[in-house]
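Trainee: Okay, handing you the structure first.
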C-alpha cells in the first residue's frame, strides 16, 4: 500500500481589520470618528451647518484627510439630534391629519388632547374619527367605515395635507382597519405619507397614537436629513452602507 503523505496545514490569511466611521450630527457640532475594530484611529469635530450635508461632508473630508490611509470603509453609522431638536424648537414639523378608528368607543378624548398647545397648533391638521377597530381579543368592534374613510381622504387631499397618522383600537392585535385606511389614503391622496400605529407602539391607544402623529410630523424632515447624509457620503467617495441609529 502506498503511504499517504501527511496533510500540511496551510496558514490562514490574516484577517483584515474592519474599519467603520461613526458620525454624530448635533445642533452645534458634527463629530466623526474612524474605528478599526474596537480602536479609535482618528476623531474630528466640525461645525454643523444649516443644510446638514455640508457639515457632514466637511467632517468626512477632515477625517479621511487625517487618516491618510485609503483602506476601505466597511460601514458608516450615523446618529443625530435633528429630530429631537425639531420637536423641542418647534421647527421643520409637518402638518398632520390624525385618523382614529374606534367609534363608538374612544370618542371622549380626541387626538392631540394631551399635546402642548403650541406644538399641537403647528402639527394638528384634519382630525378624523371613524367607526371600526377591534376588541382586546382581535374580534371586530364594529365594521370599519370605509365610505367615511374615503370621504375623509378627499378632505385631506383638498386641505393640502401630505402626512397622515392612523391609529385604530387594538390594532397591534389586528391591523386590518389601519391597513385598509392606508390603502384608501394612497388611492385618494397620491404621494401621501401614511404612518400606521401598529408598526410603532403597543396596546395603549393614546400613547401609540401620539407616537404615530409625532412620527408623521417628522417624516418630511427624516427624508430630507437621510437624503443629505446619503449625498454627503457619495460626495466623499464612500460606498459603504449607511446605518442610522435608533435613539429610543
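The values are calculated or read from the model by the stated rules, or taken from the named source; none is laboratory data. Owing to the predicted nature of the structure, the values given are computational and were not obtained by experimental measurement. In this analysis, Cβ positions are derived from the backbone assuming ideal geometry, glycine residues included, and neighbour counts consider all displayed protein chains.
A quick yes/no check of all residues on (1) buried (at least 23 other Cβ atoms within 10 Å of the Cβ); (2) closer than 24 Å to residue 122 by Cβ; (3) at pLDDT 95 or above:
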position: 141; (1), (2), (3): no, no, no
position: 145; (1), (2), (3): no, no, yes
position: 155; (1), (2), (3): no, yes, yes
position: 162; (1), (2), (3): no, yes, yes
position: 171; (1), (2), (3): yes, no, yes
position: 180; (1), (2), (3): no, no, yes
position: 183; (1), (2), (3): no, no, yes
position: 186; (1), (2), (3): no, no, yes
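Trainee: Looking for something assigned by TED's automatic domain parsing to the domain that holds residue 192, closer than 19 Å to residue 224 by Cα and not in a strand (DSSP E or B) - is there at least one such residue anywhere in the stretch 154-161? Talk me through it step by step, then tell me what you get.
Mentor: Going through the stretch 154-161, the residues assigned by TED's automatic domain parsing to the domain that holds residue 192 turn out to be 154-161.
Narrowing the set further to residues that are closer than 19 Å to residue 224 by Cα leaves 161.
Keeping just the survivors that are not in a strand (DSSP E or B) gives 161.
Checked against the condition, which is being assigned by TED's automatic domain parsing to the domain that holds residue 192, closer than 19 Å to residue 224 by Cα and not in a strand (DSSP E or B), the stretch 154-161 yields at least one hit.
Trainee: Looking at residue 107, is it out of contact with any helix residue (DSSP H, G or I) (no Cβ under 8 Å at 6 or more places or on another chain) and in a loop (DSSP other than H, G, I, E, B)?
Mentor: Working: out of contact with any helix residue (DSSP H, G or I) (no Cβ under 8 Å at 6 or more places or on another chain): yes; in a loop (DSSP other than H, G, I, E, B): yes.
Answer is yes for this residue.
Trainee: With the requirement that a residue be surrounded by 14 or more Cβ atoms within 10 Å (Cβ to Cβ) and either in a helix (DSSP H, G or I) or over 15 Å from the mean Cα position of the chain (by Cα) (or both), what does the stretch 78-89 give you? Lay out the reasoning, then the answer.
Mentor: The initial filter retains those residues of the stretch 78-89 that are surrounded by 14 or more Cβ atoms within 10 Å (Cβ to Cβ), namely 78-83, 85-87.
If the condition is that a residue be surrounded by 14 or more Cβ atoms within 10 Å (Cβ to Cβ) and either in a helix (DSSP H, G or I) or over 15 Å from the mean Cα position of the chain (by Cα) (or both), then 82, 83, 85, 86, 87 are the ones that fit.
Trainee: Among residues belonging to the stretch 59-72 that are touching a helix residue (DSSP H, G or I) at 6+ places or on another chain (Cβ under 9 Å) and without any contact (Cβ under 8 Å) to a residue 60 or more places away in the chain, point out the one that is surrounded by the fewest Cβ atoms within 10 Å (Cβ to Cβ).
Mentor: 70
Trainee: How many of the residues making up the stretch 16-51 are buried (at least 21 other Cβ atoms within 10 Å of the Cβ) and closer than 19 Å to residue 92 by Cβ?
Mentor: The total comes to 3.
Trainee: Report, by residue number, each residue of the stretch 110-135 that is surrounded by fewer than 16 Cβ atoms within 10 Å (Cβ to Cβ), assigned to a loop (DSSP other than H, G, I, E, B) and without any contact (Cβ under 8 Å) to a residue 60 or more places away in the chain.
Mentor: Hits for the stretch 110-135 are 110, 116, 135.
Trainee: If you take the residues of the stretch 200-223 that are assigned to a helix (DSSP H, G or I) and without any contact (Cβ under 8 Å) to a residue 24 or more places away in the chain, which of them is surrounded by the most Cβ atoms within 10 Å (Cβ to Cβ)?
Mentor: Residues of the stretch 200-223 assigned to a helix (DSSP H, G or I): 205-223.
With the extra rule that they be without any contact (Cβ under 8 Å) to a residue 24 or more places away in the chain, the set shrinks to 207, 211, 223.
Details: 207: 15, 211: 19, 223: 11.
So the residue we want is 211.
Trainee: Starting from the stretch 176-196, keep only residues that are outside the structural domain of residue 156 (by TED's automatic domain parsing), then list their pairs with residues that are surrounded by 22 or more Cβ atoms within 10 Å (Cβ to Cβ) and at pLDDT 95 or above whose Cβ atoms are within a distance under 6 Å, requiring at least 6 positions of separation or different chains.
Mentor: Listed pairs, sorted by first residue: none to list.
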